[in-house]
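Below: the structure, in structure tokens.
Readers should treat all values here as calculations from the given coordinates under stated rules, not as data from a laboratory. Keep in mind it's a predicted model, so treat the numbers as computed, not measured. All Cβ positions, glycine included, derive from the backbone under ideal geometry; neighbour counts span all protein chains shown.
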Amino acid sequence: MTIWAEAMAAGLHGRDGYYTRGRGPGQDFRTSSTVAPDVFADAIAALLGKLPLGVSDEVVEIAAGTGAVLAALAERLPPQVRLVGVEQRPRPAGLPGRVEWRDQLPAQVSGLLLAVEWLDTVPVDVVVDGRVQLVGVDGVERPGPPVPTGDAAWLEQWWPIGDRREVGCRRDDAWADAVARLVSGLAVAVDYGHLAAARPPMGTLRGYRDGQVTAPVPDGCSDVTAAVAWDAVQAAVPGRSVLTTQASALRALGISAALPRRDHPGYAATLERASRARLLLDPEGLGGFSWLVTQPGTDTTGSLEWLG
Ligand SMILES: C[S@@+](CC[C@H](N)C(=O)[O-])C[C@H]1O[C@@H](n2cnc3c(N)ncnc32)[C@H](O)[C@@H]1O
């Protein structure tokens with residue numbers, strides 16, 4: 001048995017882990033990127049257009065998954081904009097040649113750094129009654145050692161009360177490390193999560209297998225995911241940032257689910273797109289996800305006011 005963070009790291013990201021073996025979005029669960037990559041890419045292209053000239057020369061997507069958003073961006077952005085997918089899964093077949101595919105973040109990013117449903121895959125530990133839970137590959141738990149000092153301090157600040165609390169230090173560090181590479185531009189993290197005023201008392205760790213929510217089992221055959229403690233992630237990075245809902249961010253970027261008139265040319269295709277845009281805007285679904293938009297501390301150009 002190991003602590004949950006180690007079990008998640010091995011079960012998801014290890015050599016025979018769930019993601020490393022090529023499973024993930026589009027198979028066991030849906031994401032904005034797989035439901036409507038074209039609509040999402042329209043929003044990202046609009047976001048890139050909001051950056052000052054000279055700051056919009058690359059889009060780096062960490063946790064690029066199937067590469068669907070980058071493929072759609074390749075159709076929308078001029079060839080001088082560099083498109084980079086950072087992903088531990090193999091390069092998807094059919095990805096446009098101009099999209100670079102690598103397994104590590106570049107040292108520097110200038111433009112947009114995008115992370116859709118990455119942070120919920122960053123390993124967390126689980127604490128019950130002051131003890132770190134140990135877990136086996138079958139998902140069975142037993143109490144382990146007392147909480148280490150650093151994790152206890154994080155819990156004290158961000159999640160002081162609850163029967164089953166999740167330690168988000170690794171997630172905060174992961175986001176801080178990614179944003180530290182951004183020389184100029186914006187970093188955007190999209191995910192589901194919670195704030196201090198409404199932490200789920202029983203935690204959020206869960207699994208996905210064959211499209212169904214399951215108990216979390218770190219066996220490499222199912223996804224294991226934990227909702228993001230957004231306020232902690234936001235505080236981990238100095239500089240300006242805005243936390244808003246996906247629905248608000250997409251609307252501010254010009255995405256609409258308005259239905260076309262029946263005599264609209266290309267009525268069927270426009271209707272189909274509107275119905276997929278509706279999925280991204282749905283406040284009870286993907287529209288209720290959060291966007292954390294961060295400007296690196298070194299960058300004073302541009303503005304986040306368009307987010308409202
Ligand atoms: C929940 S999926 C989301 C994929 C995609 N962004 C989407 O929205 O469909 C998480 C993805 O993050 C990738 N991932 C997680 N941690 C990573 C890391 N440190 N480096 C590269 N890829 C990572 C996984 O391989 C997986 O494809």
Among 105, 70, 17, which residue has its Cα positioned farthest towards the positive end of the charge dipole of the chain, with +1 placed on the Cβ of Lys and Arg, -1 on the Cβ of Asp and Glu, and the dipole taken about the Cα centre?
70
Starting at the first residue of the stretch 34-45, write each ³J(HN,Hα) from the Karplus equation 6.51 cos²θ - 1.76 cosθ + 1.60 with θ = phi - 60°, in whole Hz, x for Gly and Pro.
8, 6, 8, x, 5, 5, 4, 5, 4, 5, 5, 4
Running a GNM on the chain with Cα contacts under 10 Å, which residue among 179, 140, 124 ends up with the highest mean-square fluctuation?
140
Using the alpha-carbon centroid of each, what span in Å lies between the stretch 220-237 and the stretch 33-69?
21
DSSP bridge pairs, the chain: antiparallel proportion in percent, nearest 5
50
Go through the stretch 199-209 residue by residue and turn each phi into a ³J(HN,Hα) via Karplus (6.51, -1.76, 1.60, θ = phi - 60°); whole Hz please, and just put x for glycine and proline.
5, x, x, 9, x, 10, 4, 8, x, 10, 8
Compute, for the stretch 8-94, the length of the dipole vector about the Cα centre, with Cβ point charges of +1 (Lys, Arg) and -1 (Asp, Glu) only. Units Debye, rounded to 20.
240
Using 0.36 nm per residue, how much length does the chain from residue 93 to residue 245 gain when fully extended, once their Cα-Cα distance is taken away?
51.5 nm
If packing is taken as the average number of other Cβ atoms within 10 Å across a peptide's residues, how do 12-23, 225-236, 125-136 rank, most packed first?
225-236, 125-136, 12-23
Of all DSSP beta bridges in the stretch 177-239, antiparallel share, percent nearest 5:
75
Cα gyration tensor shape for the stretch 199-308, rounded if a/c is under 1.5, else prolate or oblate:
oblate
Arrange 29, 289 by Cβ neighbour counts within 10 Å, fewest through most, would you?
29, 289
Sorted by average packing, counted as other Cβ atoms within 10 angstrom per residue and highest first, what order do 272-278, 36-42, 142-148, 67-73 take?
67-73, 36-42, 272-278, 142-148
Read phi for every residue in the stretch 265-275 and hand back ³J(HN,Hα) as whole Hz from Karplus 6.51 cos²θ - 1.76 cosθ + 1.60, θ = phi - 60°, with x for Gly and Pro.
x, x, 3, 4, 5, 5, 5, 5, 5, 4, 6
